[in-house]
1. Are there any pairs with C-beta distances below 8 angstrom linking a residue in region 242-270 that is in contact (Cβ under 8 Å) with a residue 60 or more places away in the chain to a residue that is exposed (fewer than 13 other Cβ atoms within 10 Å of the Cβ) and part of a loop (DSSP other than H, G, I, E, B), with the two at least 6 apart or on different chains, and if so which?
2. Give region 151-172 a look and list any residue that's open to solvent by less than 50 Å² (accessible area, probe 1.4 Å) and out of contact with any Gly (no Cβ under 8 Å at 6 or more places or on another chain), or say none.
3. At least 3 residues that are more than 30 Å from G25 (Cα to Cα) and either open to solvent by 40 Å² or more (accessible area, probe 1.4 Å) or of a type outside the set (A, V, I, L, M, F, W, C) (or both) in each: list the strands (runs of 3 or more DSSP E) lying fully within region 231-338 that qualify.
4. Would you call A279 in contact (Cβ under 8 Å) with a residue 12 or more places away in the chain and out of contact with any strand residue (DSSP E or B) (no Cβ under 9 Å at 6 or more places or on another chain)?
5. Can you work out which of the residues in region 349-370 that are away from the ligand (no atom under 16 Å from the Cβ) and not in a helix (DSSP H, G or I) is nearest to the chain's Cα centre (by Cα)?
6. Only one of (1) touching an Asp or Glu at 6+ places or on another chain (Cβ under 7 Å); (2) on the phi > 0 side of the Ramachandran plot is not met by G228, so which one is it?
Amino acid sequence: MMPIETRTATPGRASGKPRVVILGGGSGGLELAAQLGGSKDLEIVLVDREPSHLWKPRLHEFAAGTISSSLAELSFYLLGQLRGFRFEQGTVAGLDREARHVRLEPIRDRAGTVVAHEREIAYDWCIVALGGVVPDFDTQGVAEHAIRLDAKEDADRFRERFVAEMIEARTTGRPAEVVIVGSGATGTELAAYLRRSERAFFDQTDADRRTKLLGITILEAAPEIMPGADDGLRDKLVERLGTLGIEVETSVKVASVTPSEVCDERGKSWPADLVVWAAGLVGAPRLTALGLETDEKGRIPVDATLRSSVDERVYVMGDAAAFVPKGADKPLPPTAQAASQQASYLAAVLPLLVRGEPVEPFRYDDKGRIVSLAAAGTVGRIGVGAKDDLLIHGQFATAAYHALQRQHQWRVLGALRGTVAIAADMVSPAKGPALKLHGG
Ligand SMILES: Cc1cc2nc3c(=O)[nH]c(=O)nc-3n(C[C@H](O)[C@H](O)[C@H](O)COP(=O)(O)OP(=O)(O)OC[C@H]3O[C@@H](n4cnc5c(N)ncnc54)[C@H](O)[C@@H]3O)c2cc1C
């Protein structure tokens, strides 16, 4: 029999300090918790539904099996101990903004037994960093037959199916067909890393018999790939994807996905053993349950200081926030770069806000856009001055691509441990051949 669920409150403020509760320990939320942890003025509580952090910009690499998540996951409990914040595991159910409580769903084990009851965590200041998800735009068959790379479990599910398809292709000689819908960073990078993984399945003893095991097609609804990128970068991407034998078709509006094909509105179809749906991003589903205003993409509008439009004690950052920079007509696109800058900003201004002092607005510094295409190298555009920017590729681009992650490791782990982690990462087998081409 299922135990009766009771509502329990988590321990109160033993510290006597104002409590900041951060919802979501992703690219932005964890950096903020790590930077504020150990503060003499604030008590920091981080909430996440997962017990460990996986940096989302590498999700396509976990999906392709070119890196093992067991090497890259960081336990929130351990990080809390290292960086001086309390971690509460649980799925955010909602906010009671009057009482200033966050509600967490009960946690159940695999058998369905409740191991932690529904809880309420009191806050003085709440930071929403719950990220976003890929929408299916109600396209027929996407929920049933396509995989969206929103979280680690999606990457694991994709990898299991990819490995099964590659084994079958190896046995039958018929290449597996992967169709990726959406040509943004996720779609293009995943395609390139899948091509790299294919190599591990070749007959390693006979170089002459390395027949193709994998067909990869990217379908894009817009007339050009990577909407939002400039022509120079786009041309480089198209060229590099071509060298990898990745088919790209634009102006394709997908109408349905079945277990064996993807069909567009004009009736054209593409055979598909595996479909990845990587078209766009909206706010995480729970954002609409927080009793805050949300925009048409399910994100929470914020002012120049990242404060939510309807509650002065709730701030929002990263993919969950609709932040419109001064002079712009639309919100910032969802990137780890923006989430990280917002984390540093809030780490600096929260102590001031708590003391009732005025703060400067958040200013976004666009450092550019870089895409890693595994064996086909790295290409991107970076800002070098107030007006100019630079199209980059080669070693320089690769270094710039890794810089974002190095910075994340530093902010999360601190200078000493961050340096050790970076050094370990640089000699990791992930730099060489595919590492985790098995399930689980
Ligand atoms: C394959 C891929 C490649 C990318 N590459 C790049 C890149 O090269 N550069 C770049 O700048 N950006 C990149 N991005 C985008 C980047 O990953 C996101 O913009 C960034 O992670 C957003 O950070 P965040 O903190 O807002 O949310 P996230 O990092 O998504 O974190 C959200 C957190 O909230 C938790 N959570 C969600 N719902 C709940 C709930 N109800 N209760 C409790 N916890 C919850 C999740 O477990 C997660 O830990 C990439 C994304 C993908 C998928």
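1. T250/P223; V254/E265; A255/E265
2. Narrowing region 151-172 to residues open to solvent by less than 50 Å² (accessible area, probe 1.4 Å): 151, 154-156, 158-159, 162-163, 165-166, 169.
Residues satisfying the conditions are A151, D154, A155, F158, E165, M166, A169.
3. 246-249
4. Numbers: in contact (Cβ under 8 Å) with a residue 12 or more places away in the chain: yes; out of contact with any strand residue (DSSP E or B) (no Cβ under 9 Å at 6 or more places or on another chain): no.
When the stated conditions are applied, A279 does not pass them.
5. R363
6. (1)
Every residue, every condition in (1) within 19 Å of I147 (Cβ to Cβ); (2) outside the structural domain of R159 (by TED's automatic domain parsing); (3) open to solvent by less than 30 Å² (accessible area, probe 1.4 Å), yes or no:
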site	(1), (2), (3)
V47	no, yes, yes
I67	yes, yes, yes
G80	no, yes, yes
G84	no, yes, no
T91	no, yes, no
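Yes/no per residue for (1) assigned by TED's automatic domain parsing to the domain that holds V302; (2) among the small types (G, A, S); (3) within 16 Å of the ligand (Cβ to nearest atom):
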site: V314; (1), (2), (3): yes, no, yes
site: M317; (1), (2), (3): yes, no, yes
site: F323; (1), (2), (3): yes, no, yes
site: G327; (1), (2), (3): yes, yes, no
site: P333; (1), (2), (3): yes, no, yes
site: A336; (1), (2), (3): yes, yes, yes
site: S340; (1), (2), (3): yes, yes, yes
site: A347; (1), (2), (3): yes, yes, yes
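The values are calculated or read from the model by the stated rules, or taken from the named source; none is laboratory data. These numbers come from a predicted model, not from an experiment. Every residue, glycine as well, gets a Cβ built from its backbone with ideal geometry; the counts of neighbours run over all protein chains shown. We work out accessible area using only protein heavy atoms, side chains counted, and drop any ligands, DNA or RNA first. Shrake-Rupley method; radii C 1.70, N 1.55, O 1.52, S 1.80 Å.
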